[in-house]
Amino acid sequence: MGSYSSSGQAYATRADLAASIAAVALAHPSTGTAAQDAQLLRASEFADSYLRSQYTLPLVRWGSDLVNAVCDVAAYRLVCLRGFNPETDGLYLDNYNMASKWLRDIGSGTVTPDVIDSSPTTVNPGDHAAAASPSAASPAPFNA
């Protein structure tokens, strides 16, 4: 079996994840910080599989919409690691399905997430377009 290697970036942090999953689910031995980091990265790569059809990766900036989707995917996968209980964990599956649909919609171009990609044509805040030469007009001649 080959080893897994990633060169991607995570779009969410453990703090983001903690806001979207029950603390008891994160307290389970199978869902420790290493598992959380791994699932956040894998969920981000899952998102990239849809984003790359519409955007130049890596992303430079992203909004809470992408953070939430990544957390929903990671939370579901963590709950599955600890043991999915259909009676109590249905919300995680529902959120995973909604996040997956949202990502598919990005891939098809029907949804536009709050992202700035790394394409050379992207104008980032703080960048300035080339200014034209200054010019002035006056209705009356100027005499010095």
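Just so you know, all these numbers are worked out from the coordinates, no wet-lab data involved. In this text the structure is predicted, and so the values were computed from the model without any measurement. Here the Cβ positions follow ideal geometry from the backbone for every residue, glycine too, while neighbour counts run over all protein chains shown.
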Over all Cα pairs of region 1-121, the Kirkwood radius sets Rh, and Rg/Rh then becomes 0.98
Taking the Cα-to-Cβ direction at Ala15 and at Gln54 and moving 7 Å from each Cα, how far apart do the two end points lie in nm? 2.8 nm
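If the chain between Thr88 and Thr121 were fully stretched, how many nm would it gain, using 0.36 nm times the residue separation less the Cα-Cα distance? Could the numbers behind the result be given before it?
On the way: separation 33, 0.36 × 33 = 11.88 nm, distance 4.68 nm.
Difference between extended and current length: 7.2 nm.
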If each residue of separation counts as 0.36 nm, what is the full-extension length gain between Asn97 and Asp65 once their alpha-carbon separation is subtracted? 10.0 nm
Counting Lys and Arg as +1 and Asp and Glu as -1, what is the net charge of the other residues whose Cβ lies under 10 Å from the Cβ of Val115? -2
